[in-house]
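Student: Mind looking over this structure? Questions follow.
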Number of protein chains: 2
Amino acid sequence: MLRTSNGPRIFVLGWTLSMICGLVLDFHHPHQLKAGLEGLNMELPDQPETLEQILVDCRDTLKYGVRTGHPRFFNQLSSGLDVVGLAGEWLTSTANSNMFTYEVSPVFVLMEEVLLKKMQNIVGWLEDEGDGIFCPGGTISNLYSILLARYHFYPEVKTRGMGALPQLALFTSEHSHYSLKKSAAVLGLGTDNMVMVKCDERGKMISAELEAAIVSTKKKGLVPIYVNATAGTTVYGAFDPLNDIADICHRHSLWMHVDAAWGGGLLISDRHRMKLQGIERAWSVTWNPHKMMGVPLQCSAILGLLKECNELGAEYLFQKDKHYDVSYDTGDKSIQCGRHVDAFKFWLMWKAKGSEGFEAQINKCLENAEYLYDQLQRRTDFKLVFDSKPEHCTVCFWYTPPSLRCLPAGPEKEAKLHQLAPWIKARMMEKGSAMVGYQPLGGKVNFFRCVLSNPATQQEDIDFLLDQIVQLGQYL
Amino acid sequence: MLRTSNGPRIFVLGWTLSMICGLVLDFHHPHQLKAGLEGLNMELPDQPETLEQILVDCRDTLKYGVRTGHPRFFNQLSSGLDVVGLAGEWLTSTANSNMFTYEVSPVFVLMEEVLLKKMQNIVGWLEDEGDGIFCPGGTISNLYSILLARYHFYPEVKTRGMGALPQLALFTSEHSHYSLKKSAAVLGLGTDNMVMVKCDERGKMISAELEAAIVSTKKKGLVPIYVNATAGTTVYGAFDPLNDIADICHRHSLWMHVDAAWGGGLLISDRHRMKLQGIERAWSVTWNPHKMMGVPLQCSAILGLLKECNELGAEYLFQKDKHYDVSYDTGDKSIQCGRHVDAFKFWLMWKAKGSEGFEAQINKCLENAEYLYDQLQRRTDFKLVFDSKPEHCTVCFWYTPPSLRCLPAGPEKEAKLHQLAPWIKARMMEKGSAMVGYQPLGGKVNFFRCVLSNPATQQEDIDFLLDQIVQLGQYL
């Protein structure tokens, strides 16, 4: 039984230890956890539980959860557990405040400003070009970018709605994140009007295809307003040719947004920032420090001029007759009212690492991706989805088990290969040894997508993953 | 100097002590904090700072912040600091996971389901009527409700956009939250098409006005689809007549949403839930446990059938060939991709308090509001904005200082009264003794809006607030 006074320390210690030497997860199916077979009673009582039981509930909650900070958690773009970031999040919860006004969050509002200016500066914007906000995730950041574009060309949309506008068209690549389509649905633009531009075999938007799509869309009577270029696609980690896209946007007077949710962190690395050349020409940028920079969830920025687009001036919150400089009441830039404090943990991490610490951490993750790529090239039982050095921290590959090696290429082999990744992943989750994502894409059957954004991951963890896949695949 | 190993404990202890016996805030203007005069250097370094400096930064961040859990913080609808809720948030940060799929958040996904079912049950919906999600704040919850209504009547909007639809009209009261208008702007409906229905003197929507507005809007050729009724308005804390509004929605086949962001908590109280009679007839409901139930920020639910409205089926995340029941991959219901875990802290608080604990806490806050109302009635130097017993935990009033008492009613007195509330609030913030909101409304000059949602507030804190206003007003 845990001693009450030491409860929180023991939890966190246990959690940290389990990441160093333990399993990534202790998997149970929904019906198993719901049945309370494992001791966790989910139901909400009328009467209070004892403090002892609450501590048991806390322990069980962590026990049956997933250790996303484990060096063998390769499943998601966000991973790792930075202790300073965690401390920042704990203090944020302790302050329990809201970002809408300076009066309730004076320090956090100023920290947000400092961070956003720094990020704009790193993007390459001049001092007065930018503005921005932290918001709940990259999808919402991308949604903001479309809002900004629409308002820029048609400010009357705010009062009169889309009915007052011509039929608009937006462009993004077929490898871009689904948030672009989702935002088009939410904002009333319609997914049909989000034109998906073709990519090359590495997942980069083909700029000639973009220009052709713009021209043909105009011919159909639609009005193009917006192009999203992706800096670090979700699956391949590809970088669209930003300068070429910026040229096209300039020629056609279109809003250029760069979704650097996943790739933004590379801007901090002298070795890798050239992959985002041209980002300084964008009119808005999405950048998630909770992905490549290891900030605890959530921390996502949209950079761009937001204020007029979203402001409504609610009098109970944004009084103009306050005794301080009310330009620091930044809440009206947001489409939220109350807004979680996402700035402090990021600010604190920056203090503790410095830009150089972030750079080293990012370089290390990229080195891990290159190491995995090298290993995959060497081993004959693996095949890369595309055969070039990874530009970012995702590496995509197939594994061919002994039972499939002799099969001739064709539909039967493809079908079996398609079932293989889910099967291996399921066994891996049941063992709890590692987690890695998989998916099909276009005509390609299910392949593994290994993410290497956790700086705690070592080469031996990467070797372990490949050996584990081989070991499980043998039983097929 | 703080000892490193005890740092976090000392911070939290200091924070808690400062709430019991200290100031609500230590106010500084933006230029003062930015100049680093107070020791907090905001700038982001290239090189790491020392651990000692990081601890000083943490201490200063809390020092110059606002103690929103202080019993004399009457400024915002969200206040208080529940220790179990805080522990829940700390463990949530430690788990650092994401709500999109069961595979990365098995326990949290199930907890969310249990909580949402419980909330639906309390609203009065049958088992299979509901669904829902926790999302980042009441504004986003209300935005979801309009999305739901639009999709219900015009599912083609998702692919074809608003261009394929007639001109739609939505209805809400003039006292409702500004998020309704903001959502109309964001979703491409236009703020002009959000019809603001008149309220009575207590801030309740006049149902006859609603029906008249619907009829006249139809005559103008617009298509009404949606009515928002508010259960607990932001300023007066008023409850719209839900049954009357439900009748009207039924007659005109309109979507009925109830924004119970602020009032939802009262459903748990046998003494107060009749104020929300008719909520069970709504098709969607916003309910923020981070307001009236004291859950740490943020925790806001939208109840309603979300899935088809928002799903896009991204293949890298929502694979259908996983080895578990993928109906628990709830992320595609959301307009976000990554989503913060807001369920656990709420679940843990429910375990620790039971429904009865929440009920007692809510009843106590309402009693505090009644106590303030009684005091204001008794004291001749205060005047209530409307003279009836508060239905919720906001009380609105003016203070008339000695210098204004002899002035005859008229524009001069009104103008001086209008300047009074900001002046007193500013002095109060400079002293750090308390925080209370103010605002004008309609033709009314600035009045104080005192929020009593913190169960830690005692009657002596309420007396203190009034005495403090009198004391500061004397100097005018």
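Taken together, the values in this text are just the output of simple stated rules run on the coordinates, not laboratory data. Predicted model, so just to flag it, every value in this text is computed and none were measured. Here Cβ is always computed from backbone atoms with ideal geometry, including for glycine, and neighbour counts include all displayed protein chains.
Student: For the charge dipole of chain B, defined by +1 on Lys and Arg C-beta atoms and -1 on Asp and Glu C-beta atoms about the Cα centroid, which residue among B:PHE448, B:THR330, B:ILE54 has the Cα displaced farthest towards the positive pole?
Tutor: In chain B, that residue is B:PHE448.
Student: If amide H atoms are built 1.01 Å from N in the plane of the peptide, which residues on other chains or at least 5 residues away come under 5 Å of the amide H of A:LEU168?
Tutor: Under 5 Å from the amide H of A:LEU168: A:VAL223.
Student: Moving on to the next point. Would you mind checking A:LYS118/A:LYS291; B:LYS181/B:LYS345; A:LYS181/A:LYS364 for any pair whose Cα atoms are more than 21 angstrom apart?
Tutor: On the way: A:LYS118/A:LYS291 18 Å; B:LYS181/B:LYS345 31 Å; A:LYS181/A:LYS364 33 Å.
From A:LYS118/A:LYS291; B:LYS181/B:LYS345; A:LYS181/A:LYS364, over 21 Å: B:LYS181/B:LYS345; A:LYS181/A:LYS364.
Student: For A:VAL197, which sequence-distant residues (separation of 5 or more, or a different chain) have an amide H within less than 5 Å of its own amide H, given hydrogens modelled in the peptide plane?
Tutor: HN-HN under 5 Å from A:VAL197: A:THR172, A:SER173, A:GLU174.
Student: Here's another thing I want to ask about it. Full extension from B:LEU23 to B:HIS252: what is 0.36 nm times the residue separation minus their Cα-Cα distance, to one decimal in nm?
Tutor: Full extension from B:LEU23 to B:HIS252 adds 77.1 nm.
Student: Normalised by the number of residues in the range A:98-340, what is the relative contact order in percent for Cα pairs under 8 Å and 6+ residues apart?
Tutor: With pairs under 8 Å counted, the relative contact order is 25 percent.
Student: Please give the Cα centre distance for the range B:340-406 versus the range B:100-155, rounded to the nearest Å.
Tutor: 28 Å
Student: Given axes a ≥ b ≥ c from the Cα gyration tensor, I'd like to know whether chain B is rounded (a/c under 1.5), prolate (a/b larger than b/c) or oblate. Could you put the intermediate results ahead of the total?
Tutor: Numbers: a/c = 1.77, a/b = 1.12, b/c = 1.57.
Since a/c reaches 1.5 but b/c is at least a/b, the shape of chain B is classed as oblate.
Student: What is the antiparallel percent of DSSP beta bridges lying wholly in chain A, to the nearest 5?
Tutor: Antiparallel bridges make up about 55 percent of those DSSP assigns within chain A.
Student: I would also like to ask the following. Peptides A:267-274, B:387-394, B:445-452: what's the order by average Cβ count within 10 Å, highest mean first? Each step should come with its number before you reach the end.
Tutor: Values: A:267-274: 17.1, B:387-394: 19.4, B:445-452: 23.6.
Highest mean packing first, the order is B:445-452, B:387-394, A:267-274.
Student: Can you find, among A:ILE268, A:GLY473, A:CYS309, the residue sitting farthest towards the positive end of the charge dipole of chain A, where Lys and Arg contribute +1 and Asp and Glu -1 at Cβ?
Tutor: A:GLY473
Student: Something else about it: So how do A:ILE133, A:ILE214 line up by other beta-carbon neighbours within 10 Å, fewest first?
Tutor: With the fewest neighbours first, A:ILE133, A:ILE214 line up as A:ILE214, A:ILE133.
Student: Could you derive backbone 3J(HN,Hα) for the range A:71-82 from the dihedral phi with the Karplus parameters 6.51, -1.76 and 1.60 (θ = phi - 60°), listing whole Hz in sequence and x where the residue is Gly or Pro?
Tutor: Residue by residue, the range A:71-82 yields x, 9, 8, 10, 8, 9, 5, 9, 7, x, 8, 7 Hz.
Student: I've got another one for you. Could you give the size of the charge dipole of chain A about its Cα centre, using +1 on the Cβ of each K and R and -1 on the Cβ of each D and E, expressed in debye and rounded to the nearest 20?
Tutor: 1060 debye
Student: With charges only on Cβ, +1 for K and R and -1 for D and E, what is the dipole size of the protein assembly as shown about its Cα centre, in debye, rounded to 20?
Tutor: On the way: 94 positive and 106 negative charges, 162 e Å.
I would put it at about 780 debye.
Student: Ok, one more. Of B:SER173, B:ALA95, B:VAL157, which is farthest towards the positive pole of chain B's charge dipole, taken about the Cα centre with +1 and -1 on the beta-carbons of Lys, Arg and Asp, Glu respectively?
Tutor: Of the candidates, B:SER173 comes out farthest on the positive side.
Student: So what is the 222 nm mean residue ellipticity for chain B from helices alone, if each DSSP H run of at least 4 adds -39500 (n - 2.57) and you divide by all residues, rounding to the nearest 500 deg cm²/dmol?
Tutor: -13000 deg cm²/dmol
Student: Could you work out the local net charge near B:TYR373, counting Lys and Arg as +1, Asp and Glu as -1, over the other residues with Cβ closer than 11 Å to its Cβ?
Tutor: -3
Student: If neighbour count is taken as other Cβ atoms inside 10 Å, put A:ILE206, A:ILE140 in order from fewest to most.
Tutor: So the ranking, lowest neighbour count to highest, is A:ILE206, A:ILE140.
Student: Short version: ³J(HN,Hα) in whole Hz for each residue of the range A:352-365, in order, from phi by Karplus 6.51 cos²θ - 1.76 cosθ + 1.60 (θ = phi - 60°), x for Gly and Pro, what are they?
Tutor: 7, 9, x, 4, 5, x, 4, 4, 4, 5, 5, 4, 5, 4
Student: How large is ³J(HN,Hα), in whole Hz, for each residue of the range A:43-50 in order, when computed from phi with the Karplus curve 6.51 cos²θ - 1.76 cosθ + 1.60 and θ = phi - 60°, using x for Gly and Pro?
Tutor: Working through the residues one at a time gives 5, 9, x, 7, 9, x, 7, 6 Hz.
Student: Right, here's the next one. So for B:GLU174, B:GLU308, A:GLU127, fewest C-beta neighbours within 10 Å to most, what's the order? Walk me through the numbers before you get to the answer.
Tutor: On the way: B:GLU174 16, B:GLU308 13, A:GLU127 8.
Arranged by neighbour count, lowest to highest, B:GLU174, B:GLU308, A:GLU127 become A:GLU127, B:GLU308, B:GLU174.
Student: If you don't mind, there's one more thing I want to ask. Over the range A:407-476, with a single point scatterer placed on each C-alpha, what log10 of the ratio I(q)/I(0) does the Debye formula yield at q = 0.22, 0.28, 0.29 1/Å?
Tutor: Taken in order of the listed q values, log10 I(q)/I(0) reads -1.02, -1.33, -1.37.
Student: Using modelled backbone amide H atoms (1.01 Å from N, in-plane), which distant-in-sequence or interchain residues come within less than 5 Å of B:TYR438's amide H?
Tutor: Amide H neighbours of B:TYR438: B:ARG449.
Student: For chain B, what's the relative contact order in percent, using C-alpha pairs closer than 8 Å and at least 6 residues apart?
Tutor: Relative contact order comes out at 20 percent.
Student: Please state the charge dipole magnitude for the range A:342-476, taken about the Cα centre, from unit charges on C-beta atoms (+1 on K and R, -1 on D and E), reported in debye and rounded to the nearest 20.
Tutor: 340 debye
Student: Next question, about the same structure. Work out the mean other chain Cβ neighbour count within 10 Å for the residues of A:450-457 and drop it here as an integer.
Tutor: For this peptide, the per-residue mean of nearby foreign Cβ atoms is 0.
Student: Nearest 5 is fine: what % of DSSP beta bridges in the protein assembly as shown come out antiparallel, could you say?
Tutor: 55 percent
Student: What are the semi-axes of the equivalent ellipsoid of the protein assembly as shown, taken as the square roots of 5 times the eigenvalues of the Cα gyration tensor, listed largest first and rounded to whole Å?
Tutor: For the protein assembly as shown, the ellipsoid semi-axes come out as 45, 32, 28 Å.
Student: Say each of B:GLU430 and A:LYS364 gets a label point 7 Å from the Cα, pointing the same way as Cα to Cβ; how far apart are those two points in nm?
Tutor: Label-label distance for B:GLU430 and A:LYS364, simple model: 5.0 nm.
Student: Quick check of the Kirkwood formula: for the range A:98-340, what is the inverse mean of 1/r over all pairs of different Cα atoms, in Å?
Tutor: The answer is 18.3 Å.
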